[in-house]
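Worksheet for the structure shown next.
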Amino acid sequence: MHPNDPSLRSFLAIDPASDFPIQNLPYGVFSTVGTQPRVGVAIGACVLDLALLETEGLIDLEGATDVFAQPSINAFMALGPELWTTTRARISQLLRHDHPELRDNAGLRQRALLPLADVTLHLPLQVTGFTDFYSSKEHASNVGVMFRGKDNALQPNWLHMPIGYNGRASTVVVSGTDVHRPRGQLKPPDAAAPTFGPCKRLDFELEMGVVVGQPSAMGGMLTEAEAEAMIFGFVLLNDWSARDIQQWEYVPLGPFLAKAFATSISPWIVTREALEPFRLHGPAQEPLPLPHLQQQGANNYDLRLDVDLRAPGASKPAALCSTNFKYMYWSSVQQLMHHASSGCAMSVGDLLGSGTISGPERDQRGSLLEISWNGAEPFDLPGGGQRTFLDDGDTLTIRGWCQGDGYRVGFGAVAGTIIPPR
Ligand code: CA
């Protein structure tokens, strides 16, 4: 049976509300006390130790060795899409309720299946490059209206290519990592000169991250099929942003330090294959993109995204946003085709941020810049207090999942707490 078959069951009891049923099998990197970080797969409330299964000879990687006994997924990704598929099918088989190999080997099961509560999760990939796009028409329009007025909401190039910039790989961190409030040059529009100090308008950006699992040649271009085949999977991504630093620094070369201090991702990479049942076509593209960016496939996903903010000491979080990845105007496949189109080589471990994901409704705005309309419209927190941007001690959490019939393919969460400058 195909690993995505909705009728598949594991020998492990899995809550229907779990993000990690047998139809998902997302990859991450974990360790336990006194052991080295290695690759595992989330299943229900456990992590399956793939390094152990590789050592025990239960997973065959066609001659490659020590693929999973590594602190990142990169070595496995480098093996290519055919092995991604066969390995996922093999892991699915090993976890099935009607397959005895692991089910009936109590000793191995005990060593290979570890409670998630007992492990530390690490950054799942070695990020070789981080590129951040700007591909939600609703987000770009909201920001454009805010700063340029309704008649110039979208820049003239926006409908012709996925706009992006090269970010920093060095400060991509895993969920749970505290984020120091950044410092930078600040110059409010009415100030005569800039000052240097802590950011006063600290924001989040709700994004998905594409994990690139195969390289492309310098000087080459990518077809739609080639670009799709290079995508290993997706993570939740929070692209923390310092709005006041950005406002002063971005002319004329674009965002720099306002985006470079931290980017948080979820610990689990959900594979492109696991998301296959949830594909759909994105919004109609008018005008039609140039031929090298045109796509035929349903390259968007019906993927629900929720964001909440917990103030320090608050008994419950404030729901900030509930939207869907399906609204994105430019797909991840088009972003990759565009990225390579000048001759830029893509690498194993490249991370592409989708850009802030906002939907058409007011409660679907994926940043505080939009939610508070650049600080003009504060919002109330449950239990008292207000916010326009993030305070020290605030915890921001993004969750995401695709809802199947009786199961969900989920990403877990990406969370981070703001702490004072170091
Ligand atoms: Ca961003």
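The numbers here are math on the coordinates, done by the rules we state, and not lab data. These numbers come from a predicted model, not from an experiment. All Cβ positions, glycine included, derive from the backbone under ideal geometry; neighbour counts span all protein chains shown.
What the table below lists for this structure:
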item: Shape call, the stretch 27-122: gyration tensor on alpha carbons, a/c limit 1.5; result: oblate
item: Contour minus Cα-Cα distance for SER7 and ARG362 (0.36 nm per residue); result: 124.1 nm
item: Protection-proxy order for peptides 49-57, 227-235, each taking the mean of Cβ atoms within 10 Å per residue, highest first; result: 227-235, 49-57
item: Residue pairs, from the table LYS187/LYS259; LYS200/LYS326; LYS259/LYS326; LYS187/LYS326, whose Cα atoms sit over 28 Å apart; result: LYS200/LYS326; LYS187/LYS326
item: Assigned charges on the beta-carbon of Lys, Arg, Asp, Glu; the chain dipole about Cα centre (debye); result: 760 debye
item: Gain on full stretching of the segment that runs from ASP306 to LYS150 - 0.36 nm per residue minus C-alpha separation; result: 53.4 nm
item: Descending principal axes extents, the stretch 238-286, alpha-carbon based, whole Å; result: 44, 36, 15
item: Contour excess over end-to-end distance, with Cα ends at GLN294 and SER170 and 0.36 nm allotted per residue; result: 41.4 nm
item: Volume in Å³ per residue [convex hull over Cα atoms, computed for the chain]; result: 150 Å³
item: For a label point 7 Å along the Cα-to-beta-carbon line of SER347, residues of the stretch 162-181 with backbone N under 15 Å; result: 166-172
item: Euclidean distance of C-alpha centroids, the stretch 150-191 and the stretch 391-422, integer Å; result: 20 Å
